1. Being touching an Asp or Glu at 6+ places or on another chain (Cβ under 8 Å), surrounded by 18 or more Cβ atoms within 10 Å (Cβ to Cβ) and more than 14 Å from every other protein chain (Cβ to nearest Cβ) is the requirement here; does residue A:330 meet it?
2. I'm told residue B:126 meets every condition in (1) surrounded by 21 or more Cβ atoms within 10 Å (Cβ to Cβ); (2) more than 20 Å from residue A:373 (Cα to Cα); (3) over 19 Å from the mean Cα position of the chain (by Cα) except one. Can you identify the failing condition by its number?
3. Residues of region A:44-54 being in a helix (DSSP H, G or I) and either surrounded by 24 or more Cβ atoms within 10 Å (Cβ to Cβ) or among the aromatic types (Phe, Trp, Tyr) (or both), which ones?
4. Looking at (1) within 13 Å of chain A (Cβ to nearest Cβ); (2) outside any helix (DSSP H, G or I); (3) touching a residue at least 40 places away in the same chain (Cβ under 8 Å), which is the one condition that is false for residue B:129?
5. So which residues in region A:355-382 are within 14 Å of chain B (Cβ to nearest Cβ), touching a residue at least 24 places away in the same chain (Cβ under 8 Å) and part of a helix (DSSP H, G or I), if there are any at all?
6. Need the failing condition index for residue A:248 against (1) touching a residue at least 60 places away in the same chain (Cβ under 8 Å); (2) of a type in the set (Val, Ile, Thr); (3) in a strand (DSSP E or B), just the number.
7. Suppose the filter is more than 14 Å from chain B (Cβ to nearest Cβ) and at pLDDT 90 or above; does residue A:392 pass it?
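The values are calculated or read from the model by the stated rules, or taken from the named source; none is laboratory data. Everything numeric here is computed off the predicted structure, so don't read it as measured data. As a convention, Cβ positions derive from the backbone with ideal geometry for all residues, glycine included, and neighbour counts pool all protein chains shown.
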Amino acid sequence: MITETEVDGVPTLVAPHAGQMHAGLVFRVGYADEVLARAGITHLIEHLALFRTGQADYHYNGRTAAAYTEFHLRGSERDVVAFLTGVCEALTALPLDRLEIERQVLLTEESGQSLTPAHLLAPWRYGARGYGLPGYLEYGVPVVTPDEVVHWTRTWFTKENAALWIAGDGVPAGLRLPLPTGGRRWAPPVVTSALPTTPAYFSGPLKGAAFDAVVPRGAASMVYSEVLQRELFRELRQASGLSYTTATGYSTTADGTGTVTAIADALPEKQDAVLGGMVDALLTLAVGRIEQSDVDAVKAKGREALSDPEAAAASLSAQAGELLVGRPVRSVEERLASLNEVTVEQVHAVAAEALRTGLLLVPRGHTADWAGYTAAPTTSTTVVQGYVYPVVDDPEDRFHVGAAGVSRVIGEEAATVLYAECAAMLVWPDGGRLLIGFDGMRVAVEPTMIAGDPAVLHQVGAGLPPHLVVRMPPRDPSQIPRPQVPEPAPEPERRLFRRRKGA
Amino acid sequence: MSDGEDALPPAFQRRNHYPELAWFSDATRAGDWPAIAAGFQRLDSWAAASVASSRVGDVPGAEVFLRQVVAREPSALSATLLGSALISAGWRIRTSKAAEHVSREQFEALHEHLREAEQALMGVTARDPRAVMAWEDRLTTAMGLQLGLAEARRRYDRLARIEPHHYIAQSALTQQLCPKWGGSWEALFQFVRERAAAAPPGGLHGALVATAHLEYWARADGEEADASLKRAQPEVWAAAQRSVLHPSFRPEPGWIAAFNTFAAFFAFGGAADPAAVFFRGLGPHASTTWWDYLGDGVEMFHAYRTGALGGPR
């Protein structure tokens, strides 16, 4: 039983829960709302907001996701009141003196993290913006200014853009949410696409295979995800021992669609078979060979979970997110009813849709064109108009620098970033620049590589708005790309000639 | 894979082996789908189905006819035979020449055909995991598309769940297990010995052991090559005793290739008497397989046959 109420003007969901109270404050903001050049700003604010409450010994946490940021705590009513008040006060007046320290904390956190398959898939599906950003480094963390932090907080972390959930006996007495006001409720992030054709594949640094797909939201898609897991487990683990771990997940995005993700790991010498087995499993379900017994078993498991007295409480965090994007709160009974209605035919329809929209991550050195998947783009179809500068060691390799953007063209292949579709430009003190386009394409312009006046570099990206530029710290000289063929000892005249020729 | 077969004497042409299945070629040329479909219903072994599938697929242009059939009345059989026909059509374009004599365009056309075949076949195995013929052809597409050893093995294992003693599929995997296709001698010999030992007596499976030794011989240096064949004679003879020389042996499609392999194994190893047993068993049939390692396959077959039998009979 979920009750809807309001605390201090913030919509609130309450459900009964045995044991200590658990409460969370959710904002409709996350990575997908950021730009690549300022990626991580929400995460940074989440850390700053928790700094004060972090002094006490609470079971508290913060979580920044694609479209939501949440602060939650398990404790006594008094603890909950103190925690939520603390978070609201911190968001009203962020401890900006902590900014440098929290930057370091986040950079350390990032360097210790390994990329999950979902992180690897996101940039290829969505590009370097929106839902693709969780797959990128938090380029913004080292460079955001205090002003930017304050502006971002005022824009997103407001009373109007928040929802509260409480698992416990009701709203604790005296709970206030002193959040900044004057904001607005934000719409879900726009879902972008970097895939001209699906099903698609790309190869990446994963020992095994992974897959994701866009499916309709609903119980049938959740059942599909679980049925797929059973098929993967049976074929890749039980029958053949090719994988140790197979896993699938179903989640919903704020815009109202569903996503199914699957992964199967592999020993290095078995990767081709794990890829083949995953391709076969996806097709098996897509053509409709779905066992009634699998569907029944998944539904039974789902019913069991929903029959748990804690089911309503456990769903509160997700439901608060739904509420923020304007979707109705669903009772356990309603969810149970939709689950019961799922048929094999519905699961078949989801499976077919999953294959149609699928993106497959194949191990390095493999492809999936043989199975009907199209290679995701790794090159651009356009080259900018402008001056052409050869790369010093290769006549087939050149930069095109124009008013609209920059291209690197090697032989017949090009990478282009248009300024109008630029997600970030990284700039190093040595003059090197890396431009990343919304489509994920990268063009690195290096002073050591360009056969021309190094002043050319300063034209690259000169007109980009400052919030798309990331000023990087000095690089170790060994990280600066050099021409591959060692050049003879440079003579001043020779260099001069080169410069003039290229200018 | 009938590339160049027209030039061979009739006894060497694969299409003349197993004459009871020859009419599948005629029916394919005539575009008689009902007859083909009914014919497959009547076959009583996977070996016969495998050879019949080749008879259909090897007819030039069969893929055009079968695409129409698949569009008109899709079924596991029509899609499987389309896969088989596309594999054959791809190999006709590639030709059986050594890779350095095959152009990039020819390889691209082969791969294009193999991808289309694979997609037809994977649809069949997805709908029916017991589709033995489709799994068998997917061993061929896996090899041609270089999908990898573990993937080929996975496909074989899927097939073997349904038919653990499918000699022709085992022969296909035997190729993949050779070092030239990414395997190893160890894996190859382990597989052939296991499968030959596990097979019911009187099958063709002993020839897998002879095949493995001949593959080793073909890659080994002069002295080691000859010595390896001599060393292996007791093992291969015992394998033959358990298979084609066993009292319960009954010829089934594939037997000509199996006898030919035993004959080549013993003839190359200088064991004329055992070789004679298999030459006699072949009767009027012949093959250029293995013999063409030493020169012209037809001439070599006759030369060794004469050597073993003491003159033409």
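1. Criteria not met by residue A:330.
2. (2)
3. A:44, A:45, A:46, A:49
4. Residue B:129 satisfies every listed condition except (3).
5. A:355, A:369, A:371 - these are the residues of region A:355-382 that are within 14 Å of chain B (Cβ to nearest Cβ), touching a residue at least 24 places away in the same chain (Cβ under 8 Å) and part of a helix (DSSP H, G or I).
6. (1)
7. Working: more than 14 Å from chain B (Cβ to nearest Cβ): yes; at pLDDT 90 or above: no.
Spelling it out, it is not the case that residue A:392 is more than 14 Å from chain B (Cβ to nearest Cβ) and at pLDDT 90 or above.
Residue by residue, here is whether (1) more than 14 Å from every other protein chain (Cβ to nearest Cβ); (2) at pLDDT below 95; (3) touching a Phe, Trp or Tyr at 6+ places or on another chain (Cβ under 6 Å) holds:
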| site | (1), (2), (3) |
| --- | --- |
| B:186 | no, no, no |
| B:193 | yes, no, no |
| B:208 | yes, no, no |
| B:222 | yes, yes, no |
